Every structure is written in structure tokens, then in C-alpha cells.
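Structure first, then comments.
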Amino acid sequence: MESFINSVNFFEGNNPEDLVDKYGTPLYVYNESILRDRMTNVTKIITKYPYTANFSVKANTNLSILKIANELGLNADAMSENEIRMLLKAGFDPKRIFFVTNNLSKEELSFAIENGVMVSLDSLDQVRLFGEINKGGRCAVRINPGVGAGHHEKVVTAGKKTKFAVCEDDIDKLLELANKYELKIVGINQHVGSLYMQPDPFLEASKNFLKIARKFEGLEFIDFGGGFGIPYHKLADEAPFDMADLASKFEPILDDFVKDYGYAPLFKTEPGRYCVAESSVILGRVHATKQNSGKKYAGTDIGMNVLVRPSMYDSWHDIEVIRDNKVVTASEGTDVVSVVGNICESGDILAKERELPIIKTGDLVAVLDAGAYGWCMSSTYNSRGRACEIMINDKGEVKVIRRRETFEDIISLYVD
Ligand code: LLP
């Protein structure tokens, strides 16, 4: 594909130069139709049994996006007290929030309990803590299914090398503890890791997970986690994640379980990236181009403070070049260039030695697939305020969904 932006009319008729004139750069731009489309897809992963999709809000916690998830009937999973607070602000009923936790303080745990939010505990120690503060309570437990997956070792969350979840070997101890504190384990959950493009590891993990599930009596829900990938190499025509394929291979695994278990608990998934990643591009300005020791650089204002994924995981994000409101295509000539930011680190690289349409000072660059783990992982490093986020609906109407952070915002937190 020559241009994703053109192929989906990403700006819905708006000129990118008008957008950045009005809202500045770097600018997170969301396309509401794409967002709604992906969020709707995940509600159809399981159709034969009772099912809900929990939007994993750690991927994007913008209030307007949470409101859309709520409106579309998704439930949500949260990772912190403040994510729960954001969801409550967005109108989620506490019963539709699942708190998938890791190493919680007593205070955070108590907050969830007091607000009627179901908690998933991920170690024996945390089950003990929960039991001490909420004897006789209802909870869920995160289980390690023994198989992990993900685009980088840093985001594989099951298998032998992870801090997460309770391993199969500890299930007897877990049940003893639950008994001691009269806890009712009403749900179990897994999460294999983030970003796989083939369903196999997820399906294999799910089979193991359901084998372990049979050791729990009276489960009300079973949550299979998220991790479904998106095509970050879409300009090279990478195929999208085949949700229908996953769904068709998943169903017989569920059938087997339901037959043995005697009934179907509520099944859940927890997709984050799949829901939001493709709905956003970041627009940034090229402020300088140069050649250092024979290597070309395009210097933009999209630093690692704006999008950390390339520096943190060597993640790939496709880049389009925009000049005079038009996407510049490879047919007009290409160059091998590193697209970099304006931060004081040599690792501040968005795209390393990549063949791209020739970039000139003054151009705009658009970084694709920035909607997941983009803005929410951005920082104020080098004391730059975090970027503005806008959303464009299918009529082309633009709404600011988070204003740009100013110096006043930053300075206001210091106590002199
Ligand atoms: N459930 C749990 C328990 C999780 O830990 C995660 C993600 C998800 C669901 C959603 O996974 P998703 O569907 O978004 O893959 N910052 C990294 C990804 C970290 C994922 C953390 N956990 C990145 O930018 O690639």
C-alpha cells in the first residue's frame, strides 16, 4: 500500500497543515471510525457462549476513548486505582471493570473492594493480603498457562520468565489459602503477552489454561487476556490479524471445556492494542535535515518523549511524509534516512536507517499506528509538555480530546 492515510481518508477531508496550524505539533490525531470499527470487532470473538470483551485501558486511557468503549458496550480492565477512577469518570459501572493487578498496596486493593470492582490477584501473597482485608470475599486469580507470546521479551507475560500470575504448581496452595480466608474464587484470567499475529500461542495457552480451570469449582467467568496484534508493516502490505480465524479455532476448544465443566461461565478477553493502535497517527514537523559521517538524519519533534516504543522495544512504526498537504510517495524518489526526535539521547530514534520518500526540512511526518501505548507512555522528558490529542469523526469534525501540556502545567507541581 502506498499510503494508509490516503487509503482510509484518515483526516476525513481535513488538511494536515490546517490541523497542525491550529493544534501544533507533535499532534496525536485519532480517526473515530477506525476506533469504533476495531472496538466492535472484539465484541465478536466468541459468539456461541456468553462473552464480553474488556478493553484493556492501559493501551489508551483518554477519557473520550473510554467513553466510546463504554458506549459500544465493552467492559474494561484496569491496572491501577487511577485507571479505575478514569473508567468511573467515563461512566463505567464498577461491575463492568476488572482490576487485573500486580503487586498492589493494601490501600489500592481496599479502594477496589470498597468500590465494588472485581480484583484479579496474581500471587499467593496478594491472595493472603486480600483475605486479610476482605475475609469471605469474592475474587479472581491470574493463572500462568505456561505459554507466552509477544513482540519483545519485555512484553511476554506468561511462560517461565515472568513476574506475573500464579503457576500451575501452586494451585493446591492457592486453594488452601482461599479456604483459610473463606474466599470465593469466582473467576480466573490469563494474559500470554502483547502482540502476536498468529493465533497459535494464544490457542495453546488457552488449552492449558482451561485444563487448569477444571481444578476450580463454580467459576463465574474465565478471561483469556489480550495481545491480538495489528499490522505495523501495513505499507509493506502486512496482513491484519485474522480475528475470524482465531474465533473459528477457538470455538472447539471452548466446546470441549464446556462439555467437561458442565456449563459455560462468562468468557472474556482483554484486548488493548487491537482496539486503539490503528486509530491514531502522530503528526510531527521536520525541523532539520542533515548528514553526519555519511548518514542522513531527518530531525523531527516526535522524540522518545512523544512515542517511546521505538526506543524502548525497537518497535517499527510506518512513516508517511506529507508536503503541501499531500503524501509524498516512494515513486517520487527515496533515501535511506534515520528519522529522529529532539531529545538529548542518541537512542532518540523513531526509524533507523529506513528507506523513505525523500524528506525535506519543513515537511510533516505522520507516524502510523500510534493509538496504543503511544500517548499513555509519553513523558515530559526534557521538560517538554505532552502532546495534544484530537479526534476526527466521520463527518470530518475535529474535537480536542486532550489539550497540549504547557509550561504552567509542568511548573505547577513543583513545591518551592
Ligand atoms: N491484559 C493484561 C493483563 C495485560 O497486561 C495487557 C497488556 C493486556 C491485557 C492488553 O494487551 P494488548 O491487547 O494491548 O496486547 N507497552 C507495550 C505493551 C505492553 C502490554 C502490557 N500489557 C508496547 O508498547 O508494545
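The values are calculated or read from the model by the stated rules, or taken from the named source; none is laboratory data. Please read these numbers as outputs of a predicted model, since none were measured by experiment. Here Cβ is always computed from backbone atoms with ideal geometry, including for glycine, and neighbour counts include all displayed protein chains.
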Pairing a residue in region 236-253 that is farther than 11 Å from PHE202 by Cα and of a type in the set (A, V, I, L, M) with any residue that is modelled with pLDDT of 95 or more and part of a helix (DSSP H, G or I), where Cβ atoms lie under 7 Å and the two sit 6 or more apart in sequence or on different chains, gives MET243/ASN41; ILE253/LEU203; ILE253/SER206; ILE253/LYS207; ILE253/LEU210
For residues that are of a type in the set (D, E, K, R), more than 15 Å from the ligand (Cβ to nearest atom) and in a helix (DSSP H, G or I), tally how many sit in region 29-59.
-> 4
Look through region 87-112, keep the residues that are touching a Phe, Trp or Tyr at 6+ places or on another chain (Cβ under 8 Å) and hydrophobic (A, V, I, L, M, F, W, C), and return whichever of them is nearest to the ligand (Cβ to nearest atom).
-> ALA112
Could you tell me whether any residue of region 199-206 is among the aliphatic types (A, V, I, L, M), within 16 Å of the ligand (Cβ to nearest atom) and more than 26 Å from ALA370 (Cα to Cα)?
-> yes
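Here's the yes/no breakdown for (1) under 30 Å from ARG309 (Cβ atoms); (2) β-branched (Val, Ile, Thr):
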position	(1), (2)
ILE133	no, yes
THR157	yes, yes
LEU195	yes, no
SER206	yes, no
PHE209	yes, no
Residue that is nearest to VAL306 (Cα to Cα) [pool: residues in region 272-292 that are among the hydrophobic types (A, V, I, L, M, F, W, C) and more than 13 Å from the ligand (Cβ to nearest atom)] = ILE282
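Residues to consider are GLY385, GLY371; find the one that is assigned to a loop (DSSP other than H, G, I, E, B) and closer than 29 Å to PHE228 by Cα. So that I can check it myself, show each step before the final result.
On the way: GLY385 fails: closer than 29 Å to PHE228 by Cα.
None of the other options fit; the residue is GLY371.
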Residues of region 127-146 that turn out to be surrounded by fewer than 22 Cβ atoms within 10 Å (Cβ to Cβ) and either farther than 16 Å from LYS184 by Cβ or out of contact with any strand residue (DSSP E or B) (no Cβ under 6 Å at 6 or more places or on another chain) (or both), as a count = 10
Residue set GLY136, GLY148, GLY116; condition within 30 Å of ASP314 (Cα to Cα) and either more than 16 Å from the ligand (Cβ to nearest atom) or at pLDDT below 95 (or both); output residue GLY148
Residue list for region 60-84, restricted to those being within 16 Å of the ligand (Cβ to nearest atom) and among the hydroxyl-bearing types (Ser, Thr, Tyr) = THR61, SER80
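Condition test on ALA264, is it more than 16 Å from the ligand (Cβ to nearest atom) and either more than 22 Å from TYR49 (Cβ to Cβ) or free of Cβ contacts under 8 Å to residues at least 40 places away in the same chain (or both)?
Against the criterion (more than 16 Å from the ligand (Cβ to nearest atom) and either more than 22 Å from TYR49 (Cβ to Cβ) or free of Cβ contacts under 8 Å to residues at least 40 places away in the same chain (or both)), ALA264 does not qualify.
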Somewhere in region 338-345, is a residue surrounded by fewer than 17 Cβ atoms within 10 Å (Cβ to Cβ), part of a loop (DSSP other than H, G, I, E, B), away from the ligand (no atom under 16 Å from the Cβ) and touching a residue at least 12 places away in the same chain (Cβ under 8 Å)?
-> yes
May I ask you to list pairs of residues, at least six apart or on different chains, whose Cβ atoms are under 8 Å apart, with the first in region 293-315 being farther than 22 Å from CYS388 by Cβ and within 11 Å of the ligand (Cβ to nearest atom) and the second being of a type outside the set (A, V, I, L, M, F, W, C) and modelled with pLDDT of 95 or more?
-> SER315/TYR232; SER315/ARG309
